[in-house]
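The values are calculated or read from the model by the stated rules, or taken from the named source; none is laboratory data. Small disclaimer: the values here were computed from a predicted structure and weren't measured. Counting neighbours? That spans all protein chains shown, and the Cβs are built from the backbone with ideal geometry, glycine included. Remember, those area values only see protein heavy atoms, side chains included, never the ligands or the DNA or RNA. Shrake-Rupley method; radii C 1.70, N 1.55, O 1.52, S 1.80 Å.
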Amino acid sequence: MQRELRLQVPRVTCTALVTLLLWTGSMRAQSSAPGPDATPAGRDVVDEAGRTVRIPQPVQRIVSLAPSLTETIYALDLQDRLVGDKDYCDYPDDAQKKTKVGGAINPNLEQIAALRPDLVLVTKSLNRYDTVRALDSLGIPAFATDPHTVDEIISSTERLAEILGAPESGNALALDLEHHLSDLKQRLAAYPLRRVLFVVWAEPLISIGKDTFIADALRRAGAISIVDSAQGWPQVNLEEVVKLQPEYLVFATGHGETGARDIDIFPSLPGWRLLDAVRNRRFAVISDAVNRPAPRIVSAIEDLARQLHPEAFVEIPPKSERPSTNLAPSATNREIPSHEACACAH
């Protein structure tokens with residue numbers, strides 16, 4: 001009897017397809033206006049969904065309705081201002097201690113209002129526009145983010161920091177992330193892209209579209225998805241995957257999970273055993289940070305790059321640590337061929 005495969009779908013994907021249409025048609029006609037009790041000490045900004053939002057100054061109390069935004073608040077060291085977040089905000093661990101205000105689709109508006117937030121943070125891909133309008137009717141401003149690339153994640157983080165009155169933190173974090181990505185780019189410059197299949201869900205098989213921030217993250221890690229689709233989360237025919245023969249299968253695991261149990265199932269599944277990557281166990285397992293448009297995605301990119309291109313991370317020792325050149329060649333000081341270095345790295 002065929003065993004059940006229990007791969008975790010990124011929770012953002014469960015609602016993204018539903019919420020995108022709700023936002024798209026409504027943004028052109030409406031913008032967020034200040035409530036009747038809005039304080040004069042406010043600032044008008046245009047969010048990433050194109051809405052004009054009046055944000056009180058300073059922002060001292062924040063509610064986050066997306067795990068990525070909760071992570072970003074912590075990355076900016078502004079967690080003391082976070083008074084509430086959604087049920088599945090699980091990283092870092094301290095975020096689980098915050099007051100929970102429900103899910104992304106139907107948050108508890110009464111509970112949000114009771115927290116007296118200066119600002120509610122939402123994402124266009126996850127939260128419903130109906131929620132934003134309901135908050136607006138309560139006089140609670142909501143700022144939406146909508147990054148589609150790794151660069152946009154960094155710039156969105158930097159802008160959010162500026163809006164929240166912490167531009168120095170945003171600038172420092174952006175520079176650090178860009179430094180890591182620049183170093184990674186140099187390391188991988190000499191190596192061809194690995195052809196991979198990013199598995200969001202196995203049955204039915206769902207992967208990522210070419211225009212998603214996850215696809216961009218793969219490219220940054222020295223990989224390219226074999227799925228060339230304009231859809232965000234396309235369903236893929238396994239027979240077509242077998243024809244394309246990806247070099248690696250890439251999986252994201254939830255916070256605190258290992259993913260090993262799920263991977264062990266693949267060789268026994270019909271169709272999957274026809275993949276060379278499955279027969280040779282060429283699996284790359286990274287954290288679910290890759291599923292969230294937040295600063296931590298850079299660490300997931302680095303982790304994936306190390307698994308796909310270990311040879312790029314074989315460090316050359318400083319000259320002071322190298323064997324002396326006046327010694328005769330021996331088995332202990334001969335240069336290791338590149339293919340052997342790769343094997344050692346594995």
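Just a few scattered comments:
- A simple packing score, the average count of other Cβ atoms within 10 Å per residue, orders the peptides 85-93, 232-240 as 85-93, 232-240, with the highest score first.
- Accessible area (Å², 1.4 Å probe, nearest 10) - Glu178: 90 Å²
- A cut-off under 10 angstrom between Cβ atoms defines the neighbours of Asp118, and their net charge, with Lys, Arg +1 and Asp, Glu -1, is +3.
- Computed extension gain for Asp44 through Ile265, at 0.36 nm per residue and net of the alpha carbon distance, reaches 74.3 nm.
- DSSP-defined antiparallel bridges as percent of all bridges, region 58-124, nearest 5: 10 percent
- The chymotrypsin sites (Phe, Trp or Tyr not before Pro) of region 106-199 include none that meets both criteria, a DSSP state outside H, G, I, E and B (loop) and at most 10 other C-beta atoms within 10 angstrom of the site's C-beta.
- Net length available on complete extension from Asp211 to Ile105 is 35.8 nm, with 0.36 nm assigned per residue and the Cα-Cα distance removed.
- The length gained by stretching the chain between Lys97 and Glu152 to full extension, at 0.36 nm per residue less their Cα-Cα distance, is 16.9 nm.
- Region 278-317, relative contact order in percent, only Cα pairs under 8 angstrom and at least six apart counted: 31 percent
- A Förster radius of 22 Å, combined with the Cβ-Cβ distance separating Leu115 from Gln57, puts the computed FRET efficiency at roughly 0.70.
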